[in-house]
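The block underneath contains the structure these notes are about, expressed in structure tokens.
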Amino acid sequence: MAKGRTCLITAIILIAVFFGMMALGGVILMAFFQGGSPSIEEDSILVCDFRGAIGERPSTDLQHLIWDERPVNLTETVRLLHAAADDDRISSVVVRLGAMTGFGWGTGAEIREGLAAIREARKPVEVHFEAGGDLSYYVASAATRIHLSPGGALFVDGIYGEVQFMKNLYGKVNISWEAVTAGEYKSYPETYISESMSAPFRKQIDRLLDDRFDSYLEAIAGGRGMSALSARNRIDEGPYLVPQDAIDAGLVDTLSFWSDFARSSGINEEGETPHLSIEEYRDGGGDPGRDASHEVGIVYVVGDIMPGGSRDGFGQTVAGSETLVEEIDRAAEDDDIEAIILRVSSPGGSVTASDAIWKALERAKEQKPVIASMGDVAASGGYWISAGADAIVCDPTTVTGSIGVFALRPSWDRLLDRVGIGVEEFTRGENAAMFQSAKPWTESHRALVEKGIVHSYDQFLERVSVGREMDVAEVKKIAGGRVWMGASAKRIGLVDELGGIMRAIEIAKEHAGIDADEMVALRYFPEEKSLWEQIRDGEFSIRSLGEVVRGALRGEIDRAVERGVRGAVDHALRPYGLGGASVENFGGGGGDRFVAPGAMNGTGNAPGAMLARLPWRLSE
């Protein structure tokens, strides 16, 4: 055992040294080979490749740090698109689109809004697909012309969603779930405790799908010059697996390979037409706030809200309350920052962590304006932390609300009996086994949980009541765990304005007393630093690399445990013909699939994964 531990420590040190040498080599190479900022010539074409994921916040990827690469984040992307609309040096914009599985409809709405601004400035916007789905076509509908590869397909066929109920699946292996909820629409636990969908759950999903579909139809109709009824008919006739059919339907203008399109536009490698990528546009001075005298801070809340520090990678993104409280305090105390924008892209998480972030924002409001800007989803804990902002802005397709609380846990004592495992419990204290035992809650345990859930729900209602200046009775009418699309959320008073990050910046300027015509520089929290800056400031070292490697190894160990538990459950399922089964949560991960409110966040979706990582969960 000691020998194995020594080998593991040695391996960590060797890997850390290796990465440290790579980092040092990268800094040296950058010093020799890094060129100056690109120039922006007159009549340039801005070429945007949106086929991959666009990060909500600045990248912290080690590879990007070593080579000093800075992929544009969503805020930069949207701002640069709006800047291109007013930049006389930019004559037109070319966009490459694909499946767009890396983000959701709120992000798509912001990019579409930027492309629409360029089109409104009477500059051509050309979009090229090799293949695309509903989300990518929603974005593309803002273009002047749409091109599709002759061998491609257009999967424009509407929005699909499903909910899978796993009560009986777990029952086959003698695992049961119990839940306590505050709010009849707080539907997440139904996946585990019910065999089918309740009426409130169905009502809320239908409403969300209707709102999103209406936005989609409106976008197609406006962008392609047809009625909403015609747009609906085009969707019902899809998908368009024969490219010519997409042209005949009026959804696509021409068929062309990317290589031919790039050559004819002069934007291929040998092309003579001045062109630059969106990263080059940023680095060449395309950002209008680059030399501004006013600064606005953006604090990012991305991922599950949990206690402790923020972390990203190895399959999980966590917005840690300790990290965020520290960054909010830093932004509040910085005299150069005139307003704070809280950028929220989170489905919720811990009650305790959400309330700690809420309190930090209340302190910040005493010193400067705080504006909440919502991304794809800002529900549950994501709404809790936003509720107290001086103003709340969200996209029409943002999923928000979900004012409710639940507790959920599995009981697997019958499974242990079945596989022949005996358990002897020892307790000191009446309720010591409450969150530890594999057995179901007793009546007294459940009463205590219900008391805590009701308290958290009342606290949630109070936070919203004060922040939105509504009576608690009014809040209750729109709470109960209900989830709202952005347009509906504005109608009922949960948000103030519809729009993306650009509108949030405008409102922040208004609240800070900055003239509407004045440009503002954006500063991100946590602050973005290159590898060289981190080394210079003593924030990056072999030790920090060791932490990265150790985190990676710990992640592999966690996954190994998960695989072991999953394997045991799968083995137990084999007699029922279900060995190796994987249970997918509602909506999957983007595209035209609809993500259910309260879907599993960062916990995996196979039967064993649930047990390996979620013995107990308390969430708003």
Debye log10 I(q)/I(0) at q = 0.12, 0.15, 0.22 Å⁻¹ for segment 131-206, Cα point scatterers: -0.58, -0.69, -0.96
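Can you tell me how segment 263-318 classifies by the Cα gyration tensor, rounded, prolate or oblate, using a/c under 1.5 as the rounded cut?
oblate
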Segment 287-393: antiparallel DSSP beta bridges as a percent of all, rounded to 5: 10
Lysines with Cα under 29 Å of Lys186, excluding same-chain neighbours fewer than 8 positions away: Lys167, Lys172, Lys203, Lys359, Lys439, Lys451, Lys476, Lys477, Lys490
Label point distance in nm, Thr273-Asp245, each placed 7 Å from Cα along Cα→Cβ: 3.1
Under-5 Å amide H pairs with Ser402, H placed in peptide plane, nonlocal only: Ser380, Arg482, Val483, Trp484
Per-residue HN-Hα couplings for segment 396-411 [Karplus 6.51, -1.76, 1.60; θ = phi - 60°; Hz; x = Gly/Pro]: x, 9, 5, 9, 9, x, 6, 7, x, 9, 9, 10, 9, 8, x, 10
Cα shape, segment 255-370, gyration tensor, a/c 1.5 rule: oblate
Alpha carbon centroid spacing (whole Å) that separates segment 103-178 from segment 329-357: 29
Charge dipole (debye, nearest 20) of segment 155-302; +1 at Cβ of Lys and Arg, -1 at Cβ of Asp and Glu: 820
Prolate/oblate/rounded label for segment 177-315 (Cα gyration tensor, a/c 1.5): oblate
Local electrostatic count, Thr144, Cβ distance below 15 Å [Lys/Arg +1, Asp/Glu -1]: +3
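No lab work stands behind these numbers, since they all come straight from the coordinates. The structure presented is a predicted model; accordingly, all values stated were derived computationally and were not measured. In this analysis, Cβ positions are derived from the backbone assuming ideal geometry, glycine residues included, and neighbour counts consider all displayed protein chains.
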